[in-house]
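Supplied in structure tokens, the structure appears directly below.
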Amino acid sequence: MTSRIPYLTERRAWKALENHYQEIRDIHLRDLFHDDPKRGENFTAETAGLYLDYSKNRITNETLRLLLQLADESGLRQKINAMFGGEKINTTEDRAVLHTALRAPKESSIIVDGENVAPGIHAVLDKMTDFSKRVRSGEWKGYTGKRIKNVVNIGIGGSDLGPVMAYEALKYYSDREMRFRFVSNVDGTDFVEATRDLDPAETLFIVSSKTFTTLETMTNAQSARDWLMSSLGDDIKAVARHFVAVSTNAPKVAEFGIDTANMFEFWDWVGGRYSMDSAIGLSTILAIDPDNFQALLDGFHQMDEHFRTAPLENNLPAIMGLLTVWYSNFFNAETVAVLPYEQYLKRFPAYLQQLTMESNGKHTALDGTQVTYQTGPIYWGEPGTNGQHSFYQLIHQGTRLIPCDFIAFSQSLNALGRHHDILLANVLAQAEALAFGKDADQVRAEGTPDELVPHRVFEGNRPSNILFAKQLTPEILGKIIALYEHSVFVQGVIWNIDSFDQWGVELGKVLAQKILPELETKTDVKLEHDSSTNNLINRYRRLRR
Ligand code: G6Q
């Protein structure tokens with residue numbers, strides 16, 4: 001299929017978009033809104049309680065038509081079917097990509113290598129449900145007979161960012177009698193600070209690692225085991241009561257001392273950054289309870305179904321993905337800002353950074369050639385309104401074009417006086433100010449001295465999306481995450497890259513393994529790195545304690 005699709009910049013729609021860009025690049029959003037009084041209603045899409053207003057983008061109906069044609073010429077529909085159908089679309093790792101199966105109903109039939117994976121997924125889900133009920137009710141006891149009050153997830157990357165984000169996002173729904181901590185960094189400070197006020201007898205560690213070989217996670221897990229055993233009398237039996245594992249690697253889990261009956265399985269067709277709704281969500285189900293976890297999965301699934309079946313012109317992930325291509329490749333935008341006006345989503349931009357950048361930060365096309373166009377943009381962001389008092393200056397008046405995704409909710413989970421109206425007034429005002437700005441005449445009319453006029457002009461014409469929902473619930477969170485997952489997929493299809501591998505993280509890991517013994521050795525070694533690395537190694541050896 002891939003070979004029949006022309007190279008991206010040779011596709012007809014691409015060439016048409018290049019010409020179209022020249023026509024549209026100087027048109028202001030003010031004019032687009034002026035010319036179409038219903039633009040703010042027309043350029044919107046909605047599914048299952050999630051509303052996308054994309055009217056403040058630098059597009060016309062023609063832009064959309066051409067972007068949809070590009071999707072068509074890129075084989076998007078076929079590739080969506082290939083992903084959902086379990087084809088091995090992660091070609092560099094020869095794997096299927098089936099995070100969508102994790103949230104599919106029990107009765108689904110999803111075949112991988114001739115086997116229906118749905119029953120296995122639901123068996124693990126049932127096991128997670130049972131375990132979380134036992135821990136939450138106090139039936140599961142620690143080694144000394146105390147109930148578990150603290151849960152520490154040890155994992156990194158995809159085995160950390162999703163659980164952290166979900167815990168923070170859904171804290172409102174969590175059991176406030178329990179404490180949840182997350183240890184990821186190999187910097188010992190992370191472990192020490194996460195556990196310093198915890199009683200080992202009341203603490204459960206979840207070692208989350210798909211491979212169960214990741215250096216950071218195994219180092220932290222080892223320290224956790226030492227911390228626990230030194231307090232509970234050096235009895236290996238304590239490990240079985242205080243450690244469970246989420247992994248695909250049963251032998252390594254057993255070797256660590258964790259009873260494989262307490263191992264929660266997942267599969268190689270779940271990528272790390274797409275795994276928070278697999279057993280990697282064990283800390284999430286423990287925090288928010290099985291019903292809320294199921295609601296989260298239902299939300300994911302509803303967005304999956306929307307993505308799989310809705311016509312592309314009304315398809316939220318398709319629209320958002322194509323807009324990202326539009327800005328990255330035609331406007332040369334280098335970043336996308338994600339700005340949730342919801343405090344509980346404070347870790348959402350960090351989560352998205354992995355999802356988007358590890359997926360689409362690739363310079364090699366599926367056929368092994370080097371791409372000649374830009375791929376994944378840099379995603380970043382902070383919750384509003386905080387960002388307004390720091391980096392928004394650059395978005396409003398800097399020299400770079402930064403498309404923004406605003407995320408807002410009609411109802412606060414913590415209604416407090418006028419707070420929510422103030423919050424919402426701000427998000428709407430920011431999108432309005434970015435789009436329409438304030439010209440020199442308006443500034444002058446306000447009595448601004450001539451010399452200050454240029455400083456106080458807002459050019460506007462800064463594009464943004466607004467994602468709007470009623471309230472942050474587990475279900476809506478699932479929909480928002482799946483929306484971004486599929487938007488990333490759409491971008492990867494257009495760019496013809498493998499959004500599901502991550503070879504770029506390997507080299508640093510290999511080099512660290514080489515450098516580590518050079519740092520630890522007591523004897524002099526001949527260093528054979530570059531002069532900078534050699535010099536820094538020597539400096540560290542001299543200065544360390
Ligand atoms: C995600 C990546 C990566 C991975 C971590 C942890 O897509 O594969 O972030 O999740 O390196 O890996 P383990 O779960 O195997 O410890």
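How many angstrom lie between the C-alpha centres of segment 204-270 and segment 488-545?
Centre-to-centre (Cα) distance: 26 Å.
Which of the listed residues, Tyr51, Thr100, Gln78, is farthest toward the dipole's positive end in segment 1-107, when Lys, Arg count +1 and Asp, Glu count -1 at the beta-carbon?
Thr100
Same structure, new question: Could you give the angle, 0 to 90 degrees to the nearest 10, between helix 118-137's Cα long axis and the longest principal axis of the Cα atoms of the chain?
70
Along the charge dipole of the chain, which of Leu282, Ala429, Ile481 sits closest to the positive end, that is, farthest toward it, with unit charges on the beta carbon of Lys, Arg, Asp and Glu (+1, +1, -1, -1)?
Looking along the dipole axis, the top candidate is Leu282.
Place +1 on the Cβ of every Lys and Arg and -1 on the Cβ of every Asp and Glu in segment 288-420, take the dipole about the Cα centre, and give the residue among Ser412, Ser390, Asn292 whose Cα lies farthest towards its positive end.
Ser390
Could you please state, rounded to a whole Å, how far the C-alpha centre of segment 316-393 is from the C-alpha centre of segment 435-477?
Between the Cα centres of segment 316-393 and segment 435-477 lies a distance of 21 Å.
Within 10 Å, Cβ to Cβ, of Gly155, how many net charges do the neighbouring residues add up to if Lys/Arg are +1 and Asp/Glu are -1? Let's see the in-between values first.
Working: positive: Lys210; negative: Asp160, Glu216.
Neighbourhood net charge equals -1.
Same structure, new question: Report the percentage of all Cα-Cα pairs in segment 26-93 whose separation exceeds 21 Å, rounded to a whole percent. Let's see the in-between values first.
Details: 1106 of 2278 pairs.
That tail contains 49 percent of the Cα-Cα pairs.
Let me ask something additional. Pairs of alpha-carbon atoms within less than 8 angstrom and 6+ residues apart define the contacts here; what relative contact order does segment 164-225 have, in percent? Can you show the working numbers first?
Values: 27 pairs, mean separation 20.2, N = 62.
Over segment 164-225, the number comes to 33 percent.
Going Cα to Cα from Lys438, which aspartates and glutamates come in below 13 Å? Please leave out same-chain ones fewer than 8 positions away.
Glu446, Glu459
Treating the beta-carbon of each Lys and Arg as +1 and of each Asp and Glu as -1, no other charges, what is the dipole magnitude of segment 190-232 about its Cα centre, to the nearest 20 debye? Don't skip to the answer; put the middle values down first.
Numbers: 3 positive and 7 negative charges, 48 e Å.
Using only the charged Cβ atoms, the result is roughly 240 debye.
If you don't mind, there's one more thing I want to ask. Which entries in the list Lys210/Lys237; Lys106/Lys133; Lys38/Lys79; Lys171/Lys210; Lys127/Lys171 go over 30 Å, if you measure between the two C-alpha atoms of each?
Details: Lys210/Lys237 24 Å; Lys106/Lys133 20 Å; Lys38/Lys79 34 Å; Lys171/Lys210 25 Å; Lys127/Lys171 23 Å.
From the list (Lys210/Lys237; Lys106/Lys133; Lys38/Lys79; Lys171/Lys210; Lys127/Lys171), the Cα-Cα distance tops 30 Å for Lys38/Lys79.
What chymotrypsin sites (Phe, Trp or Tyr not before Pro) in segment 105-202 are in a loop by DSSP, with at most 10 other Cβ atoms within 10 Å of the Cβ? Walk me through the intermediate numbers first.
Numbers: sites: Phe131, Trp140, Tyr143, Tyr167, Tyr172, Tyr173, Phe180, Phe182, Phe191; in loops: Trp140, Tyr143.
When the chymotrypsin sites (Phe, Trp or Tyr not before Pro) of segment 105-202 are filtered for loop state and at most 10 Cβ neighbours within 10 Å, nothing remains.
Cα atoms only: what Rg and Dmax, in Å, come out for segment 208-365?
Rg, Dmax (Cα atoms, Å): 20.1, 64.
On a 0 to 90 degree scale, rounded to 10, what angle separates helix 215-231 from the longest Cα axis of the chain?
The answer is roughly 40 degrees.
What net charge do the residues around Thr9 carry, taking every other residue with its C-beta under 15 Å from that of Thr9, with Lys and Arg at +1 and Asp and Glu at -1? Please report the intermediate quantities before stating the final value.
On the way: positive: Arg11, Arg12, Lys15; negative: Glu10, Glu18, Glu73, Asp367.
Combined, the nearby Lys, Arg, Asp and Glu give -1.
Treating only the Cβ of Lys, Arg, Asp and Glu as charged (+1, +1, -1, -1), what charge dipole size does the chain show about its Cα centre? Round to the nearest 20 debye. The partial results should precede the final answer.
On the way: 57 positive and 71 negative charges, 211 e Å.
In debye, rounded to 20, the chain gives about 1020.
Report the FRET efficiency, 1/(1 + (r/R0)^6), for Thr399 and His28, where r is their Cβ-Cβ distance and R0 is 22 Å, rounded to 0.05.
0.80
Jot down the radius of gyration and Dmax of segment 386-545, Cα atoms only, both in angstrom.
25.6, 75
Give me the number: length gained by fully extending Leu413 to Glu41, i.e. 0.36 nm times residue separation minus the C-alpha to C-alpha distance, one decimal in nm. Kindly include the intermediate steps, with their values, before the conclusion.
Values: separation 372, 0.36 × 372 = 133.92 nm, distance 2.74 nm.
Gain in length upon complete extension: 131.2 nm.
Take segment 344-395, drop everything but the C-alpha atoms, weight them equally and run the Debye formula without solvent; then report log10 I(q)/I(0) at 0.17, 0.25 Å⁻¹ to two decimals.
-0.65, -0.94
Taking the radius of gyration and the Kirkwood hydrodynamic radius from Cα positions alone, what is the Rg/Rh ratio for segment 169-284, to two decimal places?
Values: Rg = 14.0 Å, Rh = 14.8 Å.
My calculation puts Rg/Rh at 0.95.
Which ordering of Ser74, Ser209, Ser390 is given by a fewest-first count of other beta-carbon atoms within 10 Å? Intermediate results must be reported in sequence, preceding the final value.
Details: Ser74 23, Ser209 28, Ser390 9.
Result, fewest neighbours first: Ser390, Ser74, Ser209.
So which GluC sites (Glu not before Pro) in segment 493-545 are both in a DSSP loop and have at most 11 other Cβ atoms within 10 Å of their Cβ? Before the final figure, lay out each step's value.
Working: sites: Glu506, Glu518, Glu520, Glu528; in loops: Glu528.
Taking segment 493-545 and a limit of 11 other Cβ atoms within 10 Å, the loop GluC sites (Glu not before Pro) found are Glu528.
Which lysines, if any, have their Cα less than 18 Å from the Cα of Lys526, not counting same-chain residues under 8 positions apart?
Filter leaves Lys514.
Let me ask you something else. Dipole magnitude of segment 125-276 about its Cα centre, charges +1 at Lys/Arg Cβ and -1 at Asp/Glu Cβ only, in debye to the nearest 20? Don't skip to the end; give the middle numbers.
Values: 19 positive and 21 negative charges, 92 e Å.
Here segment 125-276 has a charge dipole of around 440 debye.
Still on this model: Binned at 10 Å from 0, what are the whole-percent values of the Cα-Cα distance distribution for the chain, short to long?
Pair shares across the bins are 3, 17, 25, 24, 18, 10, 3, 0.
Where does helix 474-495 land angle-wise versus the long Cα axis of the chain, in degrees 0 to 90, nearest 10?
70
Hey, another quick one. Out of segment 435-538, which trypsin sites (Lys or Arg not before Pro) are coil in DSSP terms and have no more than 10 other C-beta atoms within 10 Å? Don't skip to the end; give the middle numbers.
On the way: sites: Lys438, Arg444, Arg456, Lys470, Lys479, Lys509, Lys514, Lys522, Lys526; in loops: Lys470, Lys522, Lys526.
Here the trypsin sites (Lys or Arg not before Pro) that fit, given the DSSP loop and packing criteria, are Lys522, Lys526.
Bear in mind that the values in this text are calculations on the coordinates, not laboratory data. What you see is a predicted model; the values in this text were computed from it and never measured. FYI the Cβ positions are ideal-geometry reconstructions off the backbone, even for glycines, and counts take in every protein chain you see.
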